[in-house]
Amino acid sequence: MSKNFEAIIDALERRLISIKYEDYRHGDISKLVGFGIVGHLYNYYHLEKTLKMLNPEFKIPSREFLGSLFHITPSYKLCDIHNFKFKTGSTTNGCVVVATFIPDMIDRDIWAIFSKVVKACKIAEKQGIGIVALGGFSSIVAERTGQEIANEVDVPVTTGNSFTAAMAIDGVLKAVELLGRDISCLKATIVGGTGDIGSGCARVLVKKVKQLTVTGRTKENLKRISAELAKIRRAVVDATMDNEAAVRDADIVISATSATSSILKPEWFKSGAVVCDVGYPKNISYTPTNRQDILIFSGGLAKLPTPINFPVDIGLPSADALYGCFSEAIILALERRYENFSFGRGNITPERIEEIRRLGKKHGFEVSDFYWGNRFVDASTIERIKEGIN
Ligand SMILES: NC(=O)c1ccc[n+]([C@@H]2O[C@H](COP(=O)([O-])OP(=O)(O)OC[C@H]3O[C@@H](n4cnc5c(N)ncnc54)[C@H](OP(=O)(O)O)[C@@H]3O)[C@@H](O)[C@H]2O)c1
């Protein structure tokens, strides 16, 4: 009896939510407000660390058991973010929802993970959110199933990849400038250049550098992107499946792959190289290295106008740094642009990147300071690298 009653209430609630979003589809955005962030933990270590943080006494079970437990844990709302204030004086609200998976779990049961992401979006929908960012692998999962999240939910969704690409490019340009180098004389490699963020970065950098190499796992994708880039033609374009060879002679490396563990070794990079690791989990291991001669940093991050203190460690070094994909939803919410801004793989154009960068700047978002792990890359490190180049 009570189960039936719950089902009736549930159906009524869903109907009310749908009506809200139906109005929005007819041009009335007055009932929607704010941003939703769908995030996930990035590996077992992150999951264990989070559990320990919530309960220091917690005895961590085997990874197999922990994985199974997490698999049956439904997506949940982590927190609300109230009255978030920006440079222009405008404010917005939002919520953060955890899709309860780690990228390592995707191959085991991709459909279960897909439905966790859908569920996470529906949690944001319940609050009448205007735009939801599908952080990190939340968008990659949808892509791999060949399903559009946008068809499964009422709330507009964005991968946030346009702003992530903007921040990765801005980071690289800033680093090159700090090292006193002329970008038009440099060789760049984009590892994962066939992907959504990677190809977006490639479309911009191909007009700036002397030579551009893209890497990926799939020949067909490599062919497609290199043919597209070659038409733009500022740089000499090259494509390969050999990541190591491609980064060894590169002055600039952007790594934006969906690998679930590190695939690039610090010793492969050329002395003086600018290395921007966009991947989450990281494409380059955080394990200590004696390389003092490369400018390596976590890329795709934005510096916020107002710090956000998340109740758990979301893998960022400071409260004023935020993932580009999350930032994109906040910027769109401030603009009340409730639309699938970045969507579908390979649609990140230089125009979109420029547009979201401009909107971000208006509200006080800029490229993050340089961090590698929790370490801030200071001016003396940059000076030392610069001396090594000259
Ligand atoms: N920093 C941030 O704020 C931020 C924001 C959003 C996402 N991310 C992260 O950025 C990464 C990329 O996201 P995305 O949406 O662009 O993914 P995506 O569209 O799925 O692209 C992934 C790319 O990685 C390539 N790849 C996978 N394994 C590889 C390997 N071993 N060697 C070379 N290439 C490999 C794929 O190649 P094929 O196409 O040939 O298979 C593809 O080009 C993810 O780690 C994601 O979590 C970071």
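Any chance the range 186-196 includes a residue that's assigned by TED's automatic domain parsing to the domain that holds Gly315 and open to solvent by 10 Å² or more (accessible area, probe 1.4 Å)? Can you show your working first?
Filtering the range 186-196 for residues assigned by TED's automatic domain parsing to the domain that holds Gly315 gives none.
No - not one qualifying residue is present in the range 186-196.
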Seminar exercise, completed: Selection over the range 296-317 where residues are more than 14 Å from the ligand (Cβ to nearest atom) and either touching a Gly at 6+ places or on another chain (Cβ under 8 Å) or not hydrophobic (A, V, I, L, M, F, W, C) (or both) yields a count of 6
Exercise. Going by the structure shown, is Leu322 at pLDDT 95 or above and either more than 8 Å from the ligand (Cβ to nearest atom) or open to solvent by less than 50 Å² (accessible area, probe 1.4 Å) (or both)?
Worked result: yes
For this session: Taking Gly299 as the residue in question, decide whether it is under 19 Å from Gly135 (Cα atoms) and in contact (Cβ under 8 Å) with a residue 12 or more places away in the chain.
Result: yes
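Quick check: is even one residue across the range 150-163 away from the ligand (no atom under 16 Å from the Cβ), free of Cβ contacts under 8 Å to residues at least 12 places away in the same chain and assigned by TED's automatic domain parsing to the domain that holds Pro350? Outline the logic, then answer.
Just the residues of the range 150-163 that are away from the ligand (no atom under 16 Å from the Cβ), to begin with: 151-156.
Okay, now just the ones that are also free of Cβ contacts under 8 Å to residues at least 12 places away in the same chain, so 151.
If we keep only those that are assigned by TED's automatic domain parsing to the domain that holds Pro350 as well, we get 151.
Yes, there is a match, as at least one residue in the range 150-163 is away from the ligand (no atom under 16 Å from the Cβ), free of Cβ contacts under 8 Å to residues at least 12 places away in the same chain and assigned by TED's automatic domain parsing to the domain that holds Pro350.
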Exercise. Within the range 70-85, is there a residue that is in contact with a Phe, Trp or Tyr (Cβ under 9 Å, 6 or more places away or on another chain) and either open to solvent by 70 Å² or more (accessible area, probe 1.4 Å) or within 16 Å of the ligand (Cβ to nearest atom) (or both)?
Worked result: no
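Within the range 134-147, is even one residue more than 15 Å from the ligand (Cβ to nearest atom) and either polar (S, T, N, Q) or modelled with pLDDT of 95 or more (or both)? If you could, list the steps in order and put the result at the bottom.
Just the residues of the range 134-147 that are more than 15 Å from the ligand (Cβ to nearest atom), to begin with: none.
Within the range 134-147, none of the residues are more than 15 Å from the ligand (Cβ to nearest atom) and either polar (S, T, N, Q) or modelled with pLDDT of 95 or more (or both).
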Exercise. Which condition breaks for Cys121 when tested against (1) closer than 24 Å to Leu332 by Cα; (2) touching a helix residue (DSSP H, G or I) at 6+ places or on another chain (Cβ under 7 Å); (3) exposed (fewer than 13 other Cβ atoms within 10 Å of the Cβ)?
Worked result: (3)
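Tally up the residues in the range 201-226 that are among the charged types (D, E, K, R) and assigned to a helix (DSSP H, G or I), please.
First, pick out the residues of the range 201-226 that are among the charged types (D, E, K, R): 203, 207-208, 210, 217, 219-220, 223-224.
Applying the additional criterion that residues be assigned to a helix (DSSP H, G or I) yields 203, 219-220, 223-224.
Final tally of qualifying residues: 5.
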Exercise. Within the set of pairs 6 or more residues apart or between chains, which connect a residue that is more than 6 Å from the ligand (Cβ to nearest atom) inside the range 186-207 to a residue that is among the hydroxyl-bearing types (Ser, Thr, Tyr) and assigned to a helix (DSSP H, G or I) with Cβ atoms less than 7 Å apart?
Worked result: Gly193/Ser199; Gly200/Ser162
Exercise. So which residues in the range 208-234 are open to solvent by 10 Å² or more (accessible area, probe 1.4 Å) and more than 11 Å from the ligand (Cβ to nearest atom)?
Worked result: Lys208, Lys210, Gln211, Ser226, Ala227, Glu228, Ala230, Lys231, Ile232, Arg233, Arg234
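Pull up the range 242-290, narrow it to residues that are charged (D, E, K, R) and under 14 Å from the mean Cα position of the chain (by Cα), then point me to the one that is surrounded by the fewest Cβ atoms within 10 Å (Cβ to Cβ). Break it down stepwise before answering.
Just the residues of the range 242-290 that are charged (D, E, K, R), to begin with: 242, 244, 248-249, 251, 265, 267, 270, 277, 282.
Those still in the list that are under 14 Å from the mean Cα position of the chain (by Cα) too: 277, 282.
Values: Asp277: 26, Lys282: 21.
Selected residue: Lys282.
The values are calculated or read from the model by the stated rules, or taken from the named source; none is laboratory data. Worth saying up front: this structure is predicted, and the values here are computed from it rather than measured. For neighbour counting, all protein chains shown are included, and Cβ atoms are generated from backbone atoms with ideal geometry for every residue, glycine included. For accessibility, only protein heavy atoms count, side chains too; no ligands or nucleic acids. Shrake-Rupley method; radii C 1.70, N 1.55, O 1.52, S 1.80 Å.
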